[in-house]
Every structure is written in C-alpha cells, then in structure tokens.
Amino acid sequence: MAAPRNIARLATRLSSRRSAISSSSSSTSTLRRATKPITEFIRNGSTLPPRSSQFAKATTDHLNALKAISSSTLSTLDNTASADELKTYNDDWMNKYHGKSQIVVKPKTTEEVSKIMKYCYANDLAVVPQGGNTGLVGGSNPVHDEIILNLTNLNQIRSFDEVSGVLVADGGVILETADHYLAEKGFIFPLDLGAKGSCHIGGNVSTNAGGLRLLRYGSLHGTVLGLEVVLPDGTIWNGLSKLRKDNTGFDIKQLFIGSEGTIGIITAISILCPRRPSAMNVAVFSLDSYEAVQKVFAEAKGHLGEILSAFEFFDKQSYALVKKHQEENGGDRKVFETEGDFYCLIETGGSNAEHDEAKLTGLLEHLMENEMVLDGVLAQDSTQFQSLWSLRELVPESAGKAGSVYKYDVSVPVGKMYGLVEKMRTKLREGGILEGDGKKDGPIRAVAGYGHMGDGNLHINIVANKYTDEVEKIIEPYIYEIVAENEGSISAEHGLGVMKAPYIGYSKNETSIELMKKVKTLFDPKGLLNPYKYIV
C-alpha cells in the first residue's frame, strides 16, 4: 500500500478524479486527520421437534413416481446417490443443521414443480424447498426426512425491458448471474449480499433478504412487482405482473415475500431494477467509538444525500477476524496507520462523477476539520474498490474460519445497536465461557458486531470452539430478550427457519401469530411445505 497521504491533500485531488473505478492505479489513498413476552414453548436449535406421524415416509414407489416427473432426481433408495453426496443438500453450509432426506428432486420447469407438489400433496409427503442453501437459520434444510425440492435447474432469464427496467427471471437464477446480466445492459439488481455467488433470487425473495444496499434501493417488498408461485397442492399462481401500480384487490405477492417457502414455492420473479451507477466510490474509516460512527453516519447522509448507497459498520473484533483470515491466505497488508475500536464503510453511487466527487470532497473536509475520524482509506480503482468492500464482506466468512459460529441478525434503533453486543459479551463472561474479548483455546473465541447502519440491522457473530447446548442456552433466549427490551425484531433479514421459530413471540404479539397460522393453514392445510419451521 502506498504511503499515507494527508486527508486535505486527498480532498484537493478528488476534483480531478472522475471515477473511483476507472483509474488503473493500484494504490490506495489514505485519509488522515491532523473516530417482550414469549410463548411457553422454548426450543434450542440443537433440540429439534420430533417427526410428525402425519407425514408419509418415502418409498421406492414414491421415488419412481417422482423420477417419472423429473429425471433430475437423486436418491439413496435406488443408489443413484450416496448419503455423502446428499449431504450437500441435507446439511447447511455452517454445518449446524443436518437433515436426513433420501430424495432430492431438481425440476427444470414450473410445470414439473407443480406436478411434484401435486403428487406429494396427494401422498402426504413433506417437502422442503431449497435454493442456494446459503441460509443461516436452517430454513432450507430438512429437519427430518422431508423430500428436498431443489430449484437449481430453474435458472433462466425470461425477459428484460430496458425502458422500464423490469426483469423477469426464474427463481433459481443465482443473484450474481442476474446482476452480471443486468450490468451488460447498464442496470443493477436492487439487492447485494455476501453470498451473491451462490444464493438464488427466489430464495432471496422468499426470505425477504435485505443485504448491503437496502439504504439506497429499499426492501424487496417494494422492488418485487410480481411472482409466480407453486402452491402446496400444486396449483400454479401466475402473479408475474410487470406493473408498478395495481390496486385491484389484495396484493397477494406480499404474503410470499418473506414466507420462507412455507406457503408456496417461488418459481419466478418480476422485479424493478434501477440504472447502474456510472461513478462509484468507497471509503473506509477507523473511529474511536460507536458514538463517532453514528455521528459520521449522520454527516454522510447530510453531505451525500441521494448518492449514498451503503453505510456499514464493524467493530475491532470483526476487523481482527478478517485480518487473520487474510493473513492465513497470503495477505498481510496494513490498511490503516491508526486503527480504532470501530470502522465504517461509505459507498456512493451516481451518474455524474464531478457532482459526486464534489459532495464527497465536502464530507471528507468536514470529517477532517472536526476530527471525527482517526484514519481512512479511499479506493482509487476497481481493484481497491473490491478490496475495501472485502473488509466488511469477509466478516462472516472469517468468523466461520475461526470456529463454530452462532449467528444472530436483529434490528433495533440505530442508537441502541452496539449496546446489544456489549450486553451479550457481559452475559457470556458471567456464564464463564468468555474470557476478555475471547481466547483461541476458550469456549468462546470472539464476539463480533457489525451491520447495516442505514436500516438498523445488527449482526452478532459469536465464535465458539464448537456448537454445544451449554453455550446455546446461555445465548438463547437472552439475545431475544434484550432485543425485545429495545422494541426490536429478532430477525432483520435472515428469517426464522427452524432456529428462531420458537422465539417469534419476542417480536410479534399473539394476534399477529394467530393470523400467520391462519394464513399457513389456508394455503397449506396439511402442513406439508417446509414443516417444523417459521411458525410452530
């Protein structure tokens, strides 16, 4: 990395730089200042509900019928796949949840999905829909022996209107693939996730994924215009509207956004995609306190306005995990001359480089003059743009490399976000399993806090040496109790799955829960679709 440069000099240079991602320079300029009540039933993630006797057990006859519908079917019943080969579908990527399904069906069309569901519904076979299997709450894996309906083969772009920006695509299209397709046409998918290289857009919608740029583009409840859904009995609901305005009756699609595959399987989506920013910048700052992070956030909104596309924060524990992971993979660059207890990432995106740089210059000068940051770096080219984003995006992966991770994604008012991390550390210390900020050979190796400031979404990653009931019982339900005390949500974007289903009472009142159960019963009276999850 190039030698640090004074922030004032950099601010002067900004006006001559037309785009942070167009330069061929490999250097990075450095900025320097002269920082509720719950239901009675409580179930830990390791104590899963018993298999329901109302569901039939799959037989070779069932398998043959499913193979007649979809040739892309794998099973241990006829040795077309081994148990190890099915682990990819049965187990989640964190190695925390382990299903025992003997059949994986991979349909290629919506019609095949419909026929499969009709057969399963008629024969009382439970089904778990599965996309890229990148979830964090056990929502896309079987709890017992449910048939896995994997949507990988539904992967076609159906249409794109370059005037309206409306994309229609199969639910099994990978998020990154969709974004690359749109990039060639000058548009962007209004969602960005760390798992974009493997997650499916249908899964994103079914979990109402939030991601890194919700601050700029809003939630999927606003950008999704229509859906195609296969209902539990095999009925195909074609709601693939391309209209932004439609006030004719109930907005049925909203029921499926965030329903986690419990009332229907999303086979296609229609979504509004904005123009891709032609000028983008990213900067990362070190700060001395969470209060300083909040102040910089407020200043960024005031100075950058409509070009502010992301504002992320992470603590020193998160940064330490990322540095260790990078060092283990051959990277030992020093990013900051002055490290802090907290870090924030600011991304801007617009269509006028000169206009955007003028706004960014104003922010940098203000931060410098008021000594609000300890240190900072600003990307000079596309390589550095990705490199700086990796400091934030690599936090989950780095935590996973460091041990077995208990992941919690919650939302609370921005001012209270980091207080939850501190309370969790105190609870773990009182439980005798956290020493200091964590020890490599201790039960808890690290407690990292990071998240999306723009929408009050906090991620708490508790890195343990292994998953145990002892650790989990100290964490849960305490983590949900402190969220409820702050009038927050126990799930900001990861969903409920099997992990959080018993704790929904911390975020929703009894009337809301009863209404949800009625909706589930209306669409799936047999309870065959993704059972044991979401609402219990």
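The values are calculated or read from the model by the stated rules, or taken from the named source; none is laboratory data. This is a predicted model, so every value here is computed, not measured. Virtual Cβ from ideal backbone geometry, glycine too; neighbours counted across all protein chains shown. Just the protein is used for accessible areas: all its heavy atoms, side chains included, with ligands, DNA and RNA removed. Shrake-Rupley method; radii C 1.70, N 1.55, O 1.52, S 1.80 Å.
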Relative contact order [Cα under 8 Å, 6+ residues apart], the stretch 403-494, whole percent: 42 percent
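Output the Kirkwood hydrodynamic radius of the stretch 157-272, Cα pairs only, in Å rounded to one decimal. Don't jump to the answer; show the numbers that get you there.
Details: mean 1/r = 0.0708 Å⁻¹.
Evaluated on the stretch 157-272, it is 14.1 Å.
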Summing +1 per Lys or Arg and -1 per Asp or Glu among the other residues with Cβ less than 11 Å from F189's Cβ gives 0
Which stretch or stretches of the stretch 226-262 have amide N atoms under 17 Å from the point lying 7 Å from I157's Cα along the Cα→Cβ direction? none
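Grab the Cα-Cα distance for T109 and R429, subtract it from 0.36 nm times how many residues apart they are, and report the gain in nm with one decimal.
Details: separation 320, 0.36 × 320 = 115.20 nm, distance 5.21 nm.
Contour length minus Cα-Cα distance gives 110.0 nm.
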Straight-distance crosslink candidates among lysines, where the alpha carbon sits under 23 Å from K518 and sequence neighbours closer than 8 are dropped: K36, K118, K253, K500, K508, K526, K533
Considering the stretch 403-494, what Rg and Dmax in Å follow from its alpha-carbon atoms? 12.5, 36
In whole Å, what is the distance between the alpha-carbon centres of the stretch 307-345 and the stretch 410-473? 18 Å
Of all chymotrypsin sites (Phe, Trp or Tyr not before Pro) in the stretch 224-282, which ones are in loop regions per DSSP and have a Cβ with at most 10 other Cβ atoms within 10 Å? F250
Rounded to two decimals, what is Rg over Rh for the stretch 287-407 when you use alpha-carbon atoms and the Kirkwood radius? 0.98
How much length is gained on full extension from T338 to E487, taking 0.36 nm per residue of separation minus their Cα-Cα distance? 50.0 nm
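Sum -39500 (n - 2.57) across every DSSP H segment of at least 4 residues in the chain, then divide by the residue count to get the 222 nm mean residue ellipticity, nearest 500. If you can, show how the numbers build up before the last one.
Numbers: 18 runs with 174 residues, N = 536.
Using -39500 (n - 2.57) per qualifying helix, the result is -9500 deg cm²/dmol.
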At 1.4 Å probe size, with the rest of the protein present, what percent of the exposed accessible area of the stretch 403-494 is carbon and sulfur atoms? 43 percent
Among L272, S286, L308, flag the residue with its Cα farthest along the positive direction of the charge dipole of the stretch 250-315, charges on Cβ as +1 for Lys/Arg and -1 for Asp/Glu. L272
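State in Å² the accessible area per residue of the chain; use a 1.4 Å probe, count heavy atoms of protein chains only, and round to the nearest integer. Display every interim value, and only then the final one.
On the way: 21860 Å² over 536 residues.
It amounts to 41 Å² per residue over the chain.
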Listed by chain and number, the residues whose amide H is under 5 Å from that of I103, excluding neighbours fewer than 5 places away on the same chain and using placed H, are I148
What the 20 Å binned alpha carbon P(r) of the chain shows, as percent of pairs per bin from 0, is 21, 53, 24, 1
